[in-house]
Amino acid sequence: MDFWNYFALRLIQALFVVLIVATTVFFVSRLAGNPESTLLSPEQRRPEEVERLRKNLGLDKPLIVQYGTFLGNLAQGDFGTSWRGGGQPALDEIGDRAASTLKLGAAGVVFALALALPLGIVAALRRGTAIDWLSRFVAVIGQATPSFWLGLMMIFFFAVQLGWFPTGGDEQGFRSLILPAIALGLFELVAIMRLTRSGMIEVMDTDFIRTARAKGLSERVIIGRHAVRHALLPVVTMLGLSLGRLIGGSVIIEMVFAWPGIGRLIIDSIFKNDFPMVQASIIVLAASIALVNLLVDVSYRLIDPRIRAGDA
Amino acid sequence: MAGQPAAVQLGPGRGVRWRRWLGLSVPALIALALLVAGVGADWLAPHDPEFINLGARLQPPVFDGGSWDYALGTDQVGRDIFSRLLHGARISLIVVGIVVPGAALIGTLLGLISGWAGGLIGQLLMRLVDVQLAMPAILFAVLLAALVGASLRNVIIILLIWTWPSYARLVRADVLSLKQRDFVTASRATGAGPAWILRKHLFPNVVNSIVIIMTLEVALVILAEAALTFLGVGAPPGTASWGVMISEGRDFMSVAWWPIWLPGLALLTIALTGNLMGDWVRDALDPRLRNLR
């Protein structure tokens, strides 16, 4: 299979995934959606008013027709209109919220990398020392700590008691970002550190490192230029595929820290019965995750021609 | 017998063996304690976990100036925290007991079928995995809760949907390589049907991996259940569940540390135990999977 065929195939697969997600979300929200409780005040909820509203929203048509309209609109980039607020397109708000979530996710990954790489590398090079022991302790504890609980504890100590950081929200720029980024990044930190450590241990035992040593290269060049590069390949792979997990994790962190991201938008919208908003945001999320997974797969094939797309 | 050589040490040294033994027995004891706590909560709990006693609100634990009446203190409405922890352990046990074997069963079956059948069915199943990967389960959970209401049953359903793909992917990958092996070809050549091959040749070769994932998933499932409950998707408020206790203790965090610390520590300890036992099982069954996660 040549590259473009492969690309086309993966693209179709990704579109299929998004279609399934969109369909699921559509039917689930139609089953749960109840516009009159969101859009009409109790006094307005007379039968004829409700009838008119349902007609305006197109909810009086058969479900299958609604589904067709929904897909048609989606194909034209119309993701629907929020049932709350001044009737702006749902996509407008989603953009801002998604940017906020991306910022949090990026900060979490940066925090994880900044600690995990040095710890993992040093732990591998100094096996059995205090640093190695520390890294394993961090790994074991970090993997077992519930992130929402860690978030609450940090709010209590560093925000309420010490007053170093705000208790939530994103009004204070960088200072608002630190606690949620740590709570979100801890799990990634552990994963990256373990991968780095085992990758480094493996690579230090290979022939090309022995060759580099035999050539008389300094330890610095051997580790910095040869070993680390090799050991980081799996880390890059994992980061590429961790987006879904990060988004899932950020939902709960956003709730704990009142962070105005897309996860919180979806949860708020669910509780407020704003189903067009729920549909639009979940579809946008699923599409972005599918897109990133697609790019990761495709870029492997570009980087490493040995990978054949047989049965991935 | 003369001339017998001095004891040659074959296995690992004493220190290593000692540490291995400790590494298994401590988590095993904690797991046993959890089991006893969950099963025997009705007999062990000194108080009714849902009995509200406003006269005894926020009593500190006995080691922080409290009394033995409430050994681990009480929460904001005077419920005994020790009793609530015991009953919370039961909820965690129920969830793990259904979700882990259930997801293993679904994932293994689908992985076996899609790996063996390949072609269209295999592709379809893998797209199902993709769908699951692209849709953050936690959001789907909240959506489902809005639809049918928050309950323990829904959390269990969600966690099943959430966790089966890890089994399916591993089993499928194993089956894809196993079915090229000579012993499978030989079996086919002698006229064995697919059901026979699946049962006699493929399943025994993947069962180790399945057991390893199952043990590693225990902690994940317990943490996920607490997180979902914290979000309001799981057991309803007031229930003696660790997630509920943390979310209710949150509002009194600055007045009293114990209502939120104790269930959090319980969660951490159990998750830690699950991970340690999972690592142990993995090393015992298949050290090649060291980098599984």
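The values are calculated or read from the model by the stated rules, or taken from the named source; none is laboratory data. Source: prediction; values computed, not measured. Here the Cβ positions follow ideal geometry from the backbone for every residue, glycine too, while neighbour counts run over all protein chains shown.
A quick yes/no check of all residues on (1) crowded, with 18+ Cβ neighbours inside 10 Å; (2) within 12 Å of B:Trp116 (Cα to Cα); (3) basic (Lys, Arg); (4) modelled with pLDDT under 80:
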| position | (1), (2), (3), (4) |
| --- | --- |
| B:Arg172 | yes, yes, yes, no |
| B:Ala186 | no, no, no, no |
| B:Ile197 | yes, yes, no, no |
| B:Asn205 | no, no, no, no |
Of the residues in region B:99-129 that are β-branched (Val, Ile, Thr) and either within 14 Å of chain A (Cβ to nearest Cβ) or touching a residue at least 60 places away in the same chain (Cβ under 8 Å) (or both), the one that is surrounded by the most Cβ atoms within 10 Å (Cβ to Cβ) is B:Val99
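So that you can scan it fast, the table gives a plain yes or no per residue for (1) without any contact (Cβ under 8 Å) to a residue 40 or more places away in the chain; (2) more than 10 Å from chain B (Cβ to nearest Cβ):
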residue	(1), (2)
A:Thr237	no, yes
A:Val251	yes, no
A:Leu265	no, yes
A:Ile283	no, no
A:Ala286	no, no
A:Ile289	no, no
A:Val292	no, no
Sole miss for A:Ala214 among (1) surrounded by 13 or more Cβ atoms within 10 Å (Cβ to Cβ); (2) free of Cβ contacts under 8 Å to residues at least 24 places away in the same chain; (3) among the aliphatic types (A, V, I, L, M) is condition (1)
Of the residues in region A:261-289, those that are assigned to a loop (DSSP other than H, G, I, E, B) and either of a type in the set (S, T, N, Q) or within 18 Å of A:Phe27 (Cα to Cα) (or both) come to A:Lys272, A:Asn273, A:Asp274
**Prompt:** Any residue in region B:79-88 that is surrounded by fewer than 15 Cβ atoms within 10 Å (Cβ to Cβ) and in contact with a helix residue (DSSP H, G or I) (Cβ under 8 Å, 6 or more places away or on another chain)?
**Reply:** no
The condition from (1) at pLDDT 70 or above; (2) surrounded by 12 or more Cβ atoms within 10 Å (Cβ to Cβ) that B:Ala56 misses is numbered (1)
Is it the case that A:Val256 is over 21 Å from A:Leu150 (Cα atoms) and either of a type outside the set (Val, Ile, Thr) or more than 8 Å from chain B (Cβ to nearest Cβ) (or both)? no
By residue number, the members of region B:229-250 that are away from every other protein chain (no Cβ under 12 Å), buried (at least 23 other Cβ atoms within 10 Å of the Cβ) and more than 20 Å from A:Asp268 (Cα to Cα) are B:Ala240, B:Ser241
Expected output for region B:171-183 (first residue under 13 Å from B:Thr108 (Cα atoms), partner among the aromatic types (Phe, Trp, Tyr) and crowded, with 17+ Cβ neighbours inside 10 Å, Cβ below 7 Å, 6+ apart or cross-chain) is B:Val175/B:Trp116
Output for Cβ contacts, cut-off 6 Å, separation at least six or different chains, first residue within 14 Å of another protein chain (Cβ to nearest Cβ) and closer than 14 Å to A:Glu254 by Cα in region A:151-175, second outside any helix (DSSP H, G or I) and modelled with pLDDT of 85 or more, reads A:Gly168/A:Phe257; A:Gly168/A:Ala258
**Prompt:** For B:Lys179, are the conditions met, namely being within 13 Å of chain A (Cβ to nearest Cβ) and of a type in the set (Lys, Arg)?
**Reply:** yes
For region B:262-286, the count of residues that are without any contact (Cβ under 8 Å) to a residue 40 or more places away in the chain, closer than 21 Å to B:Gly249 by Cβ and either surrounded by fewer than 21 Cβ atoms within 10 Å (Cβ to Cβ) or among the acidic types (Asp, Glu) (or both) equals 2
Residues of region B:130-158 being in a helix (DSSP H, G or I) and more than 10 Å from every other protein chain (Cβ to nearest Cβ), in sequence order, are B:Leu152, B:Arg153, B:Asn154, B:Val155, B:Ile156, B:Ile157, B:Ile158
Among B:Leu216, B:Leu223, the single one that is farther than 28 Å from B:Leu112 by Cα and assigned to a helix (DSSP H, G or I) is B:Leu223
